[in-house]
6 protein chains.
Amino acid sequence: MTSVPISRYPVPDINDMPEDIKTKVLAVQEKAGFIPNVFLTLAHRPDEFRAFFAFHDALMEKESGLSKADREMIVTTTSGANNCQYCVVAHGAILRIRAKNKLIADQVATNYRKADITPRQMAMLDFAIKVSNAAETICDADFETLQGHGFSDEDIWDIAGITAFFGLSNRMANFTSMRPNDDFYSMGR
Amino acid sequence: MTSVPISRYPVPDINDMPEDIKTKVLAVQEKAGFIPNVFLTLAHRPDEFRAFFAFHDALMEKESGLSKADREMIVTTTSGANNCQYCVVAHGAILRIRAKNKLIADQVATNYRKADITPRQMAMLDFAIKVSNAAETICDADFETLQGHGFSDEDIWDIAGITAFFGLSNRMANFTSMRPNDDFYSMGR
Amino acid sequence: MTSVPISRYPVPDINDMPEDIKTKVLAVQEKAGFIPNVFLTLAHRPDEFRAFFAFHDALMEKESGLSKADREMIVTTTSGANNCQYCVVAHGAILRIRAKNKLIADQVATNYRKADITPRQMAMLDFAIKVSNAAETICDADFETLQGHGFSDEDIWDIAGITAFFGLSNRMANFTSMRPNDDFYSMGR
Amino acid sequence: MTSVPISRYPVPDINDMPEDIKTKVLAVQEKAGFIPNVFLTLAHRPDEFRAFFAFHDALMEKESGLSKADREMIVTTTSGANNCQYCVVAHGAILRIRAKNKLIADQVATNYRKADITPRQMAMLDFAIKVSNAAETICDADFETLQGHGFSDEDIWDIAGITAFFGLSNRMANFTSMRPNDDFYSMGR
Amino acid sequence: MTSVPISRYPVPDINDMPEDIKTKVLAVQEKAGFIPNVFLTLAHRPDEFRAFFAFHDALMEKESGLSKADREMIVTTTSGANNCQYCVVAHGAILRIRAKNKLIADQVATNYRKADITPRQMAMLDFAIKVSNAAETICDADFETLQGHGFSDEDIWDIAGITAFFGLSNRMANFTSMRPNDDFYSMGR
Amino acid sequence: MTSVPISRYPVPDINDMPEDIKTKVLAVQEKAGFIPNVFLTLAHRPDEFRAFFAFHDALMEKESGLSKADREMIVTTTSGANNCQYCVVAHGAILRIRAKNKLIADQVATNYRKADITPRQMAMLDFAIKVSNAAETICDADFETLQGHGFSDEDIWDIAGITAFFGLSNRMANFTSMRPNDDFYSMGR
């Protein structure tokens, strides 16, 4: 299946990438064993590539009241709601690994309300879906519900920020027809 | 995870099932190596169980202009649109096996428009989604589009019938909180 | 108006139908005085015909905590929401007869919230509409609301089952352009 | 059923109405044999009553390229889409009489796309539904489609004006829980 | 920009208008300094013009528990929800003047939930949006919420009536491509 | 109105900001004459601030086949569709200035289909709205439509990228209740 394009747009050869991008791409390849196609697709636009991954890392790599598994769960759930194949497949794989749970990604991608999650996680995902679908209606009561589940205001920003960022990512992936690497499908199963 | 209930409703012991149902359940267990939870959940209502599987088999087991893989693709796609975890997980597994394709189920469950499918299959799924979401608007032009892809009127009935039947199944699964067997998640990968 | 087709698909002559189907069709004709077109339309597919009516009878003819009028009210309401002309006209007629109420069918088909119904029936129809439109969001609170109105868990299955089954029926009727018999329009008025 | 209120709001006694309103109400009673509840409900607000019926008559009573049956068909169809019980029941009755067709009102109220109508009427109702649901997207192509069916620009204004006016009426009827008179249900059947 | 048409339909010369309409148009011109295009557009249909402005004045000019600013706020908010450029621009201007607030119109047109308004006004606008988008679901609880904010039943009729009337107006403006006068954009800023 | 908070979250004093952020904020203040609240709100999260503005500048400041006015038109239109008060008010102001057009921002924020724009701009905004609302359905035909209006594939990426980025921005602004500066409302009028 290597002949299927990974993007509607030209994908630069790794040796033609700016040095900082090449370095980042090689590092991810060494760590993951392959280059996730989002790196190749966005390398077509180096400045957007840099901003995209800086934003990603600021939300997904930092210390947070949300575990890394929680964060990937937000990504997989909202990407499912946005019908984004790339993000569901890629972040579903990471979620399985982070949560050490073979079932959770397929569960939340289809219907998080029926997933093996805690009431706290359910509240977190309810809020993420509201940010994704109807952010204009968010109000004090939403904050109070989350606070009642032990989320701090900074945790709530993290939920909203991750949802908003992957809303961008979902739209870019759908628009470019970004293709998930075959490797992701079986990871963590 | 065996302690999680597979249905909101009582699940009968296999030995307490009516003979014909018990026979069908044991046959599927022998073939699949496990009992899909839809059999256990619906056995709570024997008459509905019998009608459900008679309907299922009339559409899914018969000769048709649609391959068995095509039929499972319709099920997985429309069940994704209906956010039905049981059907996406269970029929996604069967789709992988029928289509001998490890990727196809996750692709169509999230966004069939970006899946590795033929234009004919795309037209088939466009129509299935219309039957699922807006059957009241189906008109002659929809039939003409499908005929242009080589579907006979009987094939079109099959697409619509499968979609309508699994619309029923999706609603029953969501309503009963029917849980997909863990076995399905890794089948065919 | 007898020249208008009752289905997009061929309708078999009653004498060409398999014996069991012919028997069922003649029985309904004797009882009702005419053959409802759903019998003729589905007779094009004998196996689906058998499963469809077995399912129908399992839900609509059995003993239940829901009266037969309540059950027809669910059908008419959800068929209205699904814009299904056949089911609104045919089951609206049956509802008028079952409920001995000339007004109720037109009321619930358009807006059950303004119909002459009890709070218990309102809760029943609220749930049916949720099963029809957003089954993936059904949760414990929905069951508690219904239990507060005196519905048993088996009654709740009946509400959901009837809704899910007629969701199938609505899609089949819309897809085949199944035409309601003229007889239904004035029955029970 | 006379004890059910016809409006959430006080309904004035006919003898307490301003003279011009009383005259109009008595005239309609003489013609129809009963007083449609919209007259009684809106008489609570005499100035709005006067403007409402002036608007109604300007659209529904004047000479037009649309027959009176066509106009009632627009009202019944869009009132069905707006789930307005009063207008579907009352104008459905008038439609049956104007069109001399016992079936047409129930057909268009549920799904005009499956009704016994001409392609010209289908185009008329497609446009009315667009004015009702998504007027902001109306564009030149919509006018061209209607012109292709022989509608003049003045006819098109009539379609849109009737739809817009009954959109107001539907909202008032739903908000006041305006109850259709029992008489309407059987008229013209 | 004077060459851009103000309506898809012919606009009569002021001297060709019926005397009563001409008088009303000249009066508004004298007061406002220009003729709002809604007067010119609707003058194409004198009877509808008369009914439209009679309705408008009955709701917008009378004594009410709602201030004139509150009423214009309802118009601007629901016209925003209906994507009606004419009404947002024209009534936004009047709202700025009535409320003596340069910011309020742009706030409520985009998202009234984030506007500088009181909880009472928020409840008023929540209800107006419900009348506009889902009048069929209005129920006793909605009235109780408003009563809890001090609205009388007559005030509630005013909210609903204004919303319903401008729903008509929004559809007419969108359908005719009615153009807001340039003058409105800067009024009250 | 200075007492109204500009964000649900703490806003750092400019002297407590990291040096690079402080420099950027002071530069924008010098240029604009005031500090747009998005800078103050996001300064609560320095890493996200940096990534956000890097992304913004990569799309909005670079050379492009889209003029700066076109880009602001995309932002204002899609922010209107997302009901984002901050972005409609702030970018509407910039749009007025870039386009040297006092009317255009209010027009596109409410209904771009009725705005004073070219067919090419209409196609651009149709596509932006599709990226915003239904990116999963974008297909080859959308690209062909845009190419027919003279857009290059790189221009199309710009339209989609700007829409996706401001989708993130809209969700962040709505979630934080980010308040537009009063200054924006009158700019460019």
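The values are calculated or read from the model by the stated rules, or taken from the named source; none is laboratory data. The shown structure was predicted, so the numbers you read here are calculated from the model rather than taken from an experiment. Cβ sites come from the backbone with ideal geometry, for glycine too, and all protein chains shown count toward neighbours. Ligands, DNA and RNA are excluded from the accessible area calculation, which covers all protein heavy atoms including side chains. Shrake-Rupley method; radii C 1.70, N 1.55, O 1.52, S 1.80 Å.
Quick check on segment D:154-172. Is at least one of its residues farther than 25 Å from D:M187 by Cβ and without any contact (Cβ under 8 Å) to a residue 12 or more places away in the chain? Among the residues of segment D:154-172, at least one is farther than 25 Å from D:M187 by Cβ and without any contact (Cβ under 8 Å) to a residue 12 or more places away in the chain, which makes the answer yes. Identify, please: which residue in segment C:81-92 is among the hydrophobic types (A, V, I, L, M, F, W, C) and assigned to a helix (DSSP H, G or I) and is, among those, surrounded by the most Cβ atoms within 10 Å (Cβ to Cβ)? Of everything passing the filter in segment C:81-92, C:V88 is surrounded by the most Cβ atoms within 10 Å (Cβ to Cβ). For segment E:137-184, which residues satisfy the criterion of being buried (at least 20 other Cβ atoms within 10 Å of the Cβ) and either among the aromatic types (F, W, Y) or modelled with pLDDT under 95 (or both)? Once the filter is applied, which keeps residues that are buried (at least 20 other Cβ atoms within 10 Å of the Cβ) and either among the aromatic types (F, W, Y) or modelled with pLDDT under 95 (or both), segment E:137-184 yields E:F151, E:W157, E:F165, E:F166, E:F175, E:F184. Pairs meeting the criteria (first residue in segment E:93-104 and surrounded by 19 or more Cβ atoms within 10 Å (Cβ to Cβ), second residue part of a loop (DSSP other than H, G, I, E, B) and of a type in the set (K, R), beta carbons under 8 Å, at least 6 apart or on different chains) are E:R96/E:K102; E:R96/E:R189. If you go through segment F:135-155 and keep only what is at the interface with chain A (Cβ under 9 Å from one of its Cβ atoms) and small (G, A, S), you end up with just F:A135. With respect to the conditions (1) touching a helix residue (DSSP H, G or I) at 6+ places or on another chain (Cβ under 8 Å); (2) closer than 25 Å to B:D126 by Cα, B:R189 falls short on a single one, namely (2). Taken together, the criteria exclude C:R113 from residues that are within 14 Å of chain B (Cβ to nearest Cβ), out of contact with any Lys or Arg (no Cβ under 9 Å at 6 or more places or on another chain) and of a type outside the set (G, A, S).
Being of a type in the set (V, I, T) and more than 9 Å from every other protein chain (Cβ to nearest Cβ): is that true of C:T77 here?
It is true that C:T77 is of a type in the set (V, I, T) and more than 9 Å from every other protein chain (Cβ to nearest Cβ).
Against the test of being open to solvent by 40 Å² or more (accessible area, probe 1.4 Å), over 30 Å from F:I138 (Cα atoms) and in a helix (DSSP H, G or I), the options A:D57, A:D20 yield a single qualifying residue, A:D20. Please work out if F:T76 is open to solvent by less than 10 Å² (accessible area, probe 1.4 Å), assigned to a helix (DSSP H, G or I) and either touching a Phe, Trp or Tyr at 6+ places or on another chain (Cβ under 8 Å) or not polar (S, T, N, Q) (or both). Considered against the rule, which asks whether it is open to solvent by less than 10 Å² (accessible area, probe 1.4 Å), assigned to a helix (DSSP H, G or I) and either touching a Phe, Trp or Tyr at 6+ places or on another chain (Cβ under 8 Å) or not polar (S, T, N, Q) (or both), F:T76 comes out as no. Do we find a residue being within 18 Å of B:V89 (Cα to Cα) and of a type outside the set (D, E, K, R) anywhere in segment A:130-151? The answer is no, given that none of the residues of segment A:130-151 is within 18 Å of B:V89 (Cα to Cα) and of a type outside the set (D, E, K, R). Residue count for segment F:29-39, restricted to those that are assigned to a helix (DSSP H, G or I) and open to solvent by 30 Å² or more (accessible area, probe 1.4 Å): 4. F:V131 meets each of the listed conditions (1) at the interface with another protein chain (Cβ under 9 Å from one of its Cβ atoms); (2) within 27 Å of E:I117 (Cα to Cα); (3) of a type in the set (A, V, I, L, M, F, W, C); (4) within 16 Å of the chain's Cα centre (by Cα) apart from (2). Annotation: of all residues in segment B:156-186 being charged (D, E, K, R) and farther than 15 Å from B:V75 by Cα, the one that is farthest from the other protein chains (Cβ to nearest Cβ) is B:D183. Restricting attention to segment B:80-92, which residues are within 14 Å of chain C (Cβ to nearest Cβ) and either over 20 Å from A:C84 (Cβ atoms) or without any contact (Cβ under 8 Å) to a residue 12 or more places away in the chain (or both)? Within segment B:80-92, B:Y86, B:C87 meet the criteria.
Residue count for segment B:5-62, restricted to those that are within 12 Å of another protein chain (Cβ to nearest Cβ) and out of contact with any Gly (no Cβ under 6 Å at 6 or more places or on another chain): 26.
Filtering segment E:41-54 to residues that are in a helix (DSSP H, G or I) and open to solvent by 30 Å² or more (accessible area, probe 1.4 Å) leaves E:P46, E:D47, E:R50, E:A54. In segment E:64-73, the count of residues that are facing another protein chain (nearest Cβ under 10 Å), modelled with pLDDT of 95 or more and surrounded by fewer than 24 Cβ atoms within 10 Å (Cβ to Cβ) is zero.
What about C:Y112, is it at pLDDT 95 or above, touching a Pro at 6+ places or on another chain (Cβ under 6 Å) and not basic (K, R)? No.
Inside segment F:2-25, residues that are touching an Asp or Glu at 6+ places or on another chain (Cβ under 9 Å) and among the polar types (S, T, N, Q) make up a count of 1. In the condition set (1) over 17 Å from D:F166 (Cα atoms); (2) open to solvent by 10 Å² or more (accessible area, probe 1.4 Å), D:N111 is compliant with all but (2).
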